[in-house]
Structures are given as C-alpha cells and as structure tokens.
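Q: Handing you a structure now.
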Amino acid sequence: MDLKERIRRALADHKKVSLPPGPVPAAVLVPLFQKGGEYHILFTKRADHLNHHRGEISFPGGASDPDDPDLTTTALRETWEEVGIDPADVEVLGGLDDFYSIHNYLVTPFVGIYPANYPLKINRWEIDKILEVPVAHLLRPEIFRTEDWSWQGRVHPVCFYTYGEDEIWGLTAAILKQLLDLVFAGQKR
C-alpha cells in the first residue's frame, strides 16, 4: 500500500482526542510531498526575531483567524502565508489529536500532501529556512530520543528528532511522533 493511503487509513481509523477549549485555537499542517521517489515532510525553521518559537523547527501553522470557518482552513491558510502552498493544491488526509502548547494555544494538526516539485514562496519575515526531511530518516531509531523537562512544577517527557544540524523537538516532535506511531504501529523502526 502506498504511504499516502496508509496515512489516510491510519488517520481514519484513529479516534481523535479533542482537548477542552480555553487556550487560543490554532492549527498546523504536516505537509507531505514526494521527492526522488520517496515521501518527505516539510518543516520550517522560524525566524530568530519572532516572539514565540524563534529559531525552532515547526510545521506551518498558527492561530485561527475569526474569518476561518474551521481549523482545517486555518492550517491551510497559514501554510499558504508561510510557504506559499495554495490550499487548493493540498489533499488533506486527516487529523491528529489536539495538543496544548506552552504558549497557551490549543493546536489541531492536520496531515496533507501537496504535489512534487512545488514552487514554494517562503515568507522570510516568519521563516528562516525550509527542511525537507525524508520519512525514512524519521523512522531511524538512533535519531529519536526523549528527555524529562520540568515545566510549571511538573516533569514532562520532551521528544527530539535529529536531522543534520537541526533538532525537531517539543510540540512539533510530539505531533510527528503521534503520526509516525499511528502509521507505522507494530512495525519495527
């Protein structure tokens, strides 16, 4: 089975965990595409001057706009604004569980695929660079680790994935881990 269909099936079979509202609603897109015959995930490295998550690796996304009819629209709009992928060119495959961020956002992730060789238009105000990470790399056990971090008096496990000189960690890594766990459940990685 093609990875795209495997992801679609895994997300359709998953009973999504929705968290209670309260924090600012937000959404991200986990953007997949093919390159060199294999699937990759697009990540952004956020600009150093931003207030939140500066210099961190993330998925395209952000806070919901009052004009967004739903959170899928938010994820697609933010992806358009940050990296220039037209919402009409994204096939949304499904959603993952909600996540709370430490900056008071309630983040809903969606997984989508866009065409190969897509001409990205990077918003240099928000994005320092793009990372195109092969899914096969993310399945290598030696590039994944967890660390226990203390936050607001509690210890939380924090996930990390290493790609070259960059570390994908925190909320982005937690979202990525859930996707990989769902799609590759029971498969030795």
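Q: Could you sort out which of 35/129; 121/177; 4/45; 15/35; 15/45 sit more than 22 Å apart by Cα distance in this structure?
A: Checking Cα-Cα distances, 121/177; 4/45; 15/35; 15/45 exceed 22 Å.
Q: Also, I was wondering about something else. Taking each pair of distinct Cα atoms in region 56-168 once, what is the resulting Kirkwood hydrodynamic radius in Å?
A: Its Kirkwood hydrodynamic radius stands at 16.1 Å.
Q: Rounded to the nearest 20 debye, what is the charge dipole size of the chain about its Cα centre when +1 sits on each Lys and Arg Cβ and -1 on each Asp and Glu Cβ?
A: Here the size comes out at about 560 debye.
Q: Which whole-number value in Å³ per residue fits the convex hull of the alpha carbons of the chain?
A: It is 136 Å³ per residue.
Q: In what sequence do 146, 79, 72 fall when counting other Cβ within 10 Å, fewest first?
A: Taking fewest neighbouring Cβ atoms as first place, the list is 146, 72, 79.
Q: Post the alpha-carbon centroid distance, region 9-30 to region 152-187, in whole angstrom.
A: Computed from Cα coordinates, the inter-centre distance equals 16 Å.
Q: In the chain, with Lys and Arg counted as +1 and Asp and Glu as -1 at Cβ, which of these residues, 164, 137, 109, has the Cα nearest the positive end of the dipole, that is, farthest along it?
A: Working it through, the farthest residue towards the positive pole turns out to be 137.
Q: Which whole-Hz couplings ³J(HN,Hα) result when phi for each residue of region 172-178 is put into the Karplus expression 6.51 cos²θ - 1.76 cosθ + 1.60, θ = phi - 60°, listed in order with x for Gly and Pro?
A: So the Karplus estimates, Gly and Pro as x, are 4, 5, 5, 5, 4, 4, 4 Hz.
Q: Show me, for region 130-143, the HN-Hα J-couplings you get by feeding each phi into the Karplus relation (A = 6.51, B = -1.76, C = 1.60, θ = phi - 60°), rounded to Hz, glycine and proline as x.
A: Rounded to whole hertz, the list is 10, 10, 10, 9, x, 4, 4, 5, 5, 8, 6, x, 6, 9.
Q: Calculate one ³J(HN,Hα) per residue across region 7-22 by plugging θ = phi - 60° into the Karplus curve 6.51 cos²θ - 1.76 cosθ + 1.60, and present them in order as whole Hz with x for glycine and proline.
A: 5, 4, 5, 4, 6, 5, 7, 7, 8, 4, 9, 9, 9, x, x, x
Q: Additional query: What is the set of long-range amide H partners of residue 112 at a cut-off below 5 Å, with H atoms built 1.01 Å from backbone N?
A: Those lying under 5 Å, H to H, from residue 112 are 30, 32, 93.
Q: With charges only on Cβ, +1 for K and R and -1 for D and E, what is the dipole size of region 1-97 about its Cα centre, in debye, rounded to 20?
A: 420
Bear in mind these aren't lab numbers, they're just calculated from the coordinates by the rules spelled out. Here the structure is a predicted model, which is why all the values come from computation and not from measurement. Neighbour counts are summed over all protein chains in view; Cβ atoms, including those assigned to glycine, are modelled from backbone coordinates with ideal geometry.
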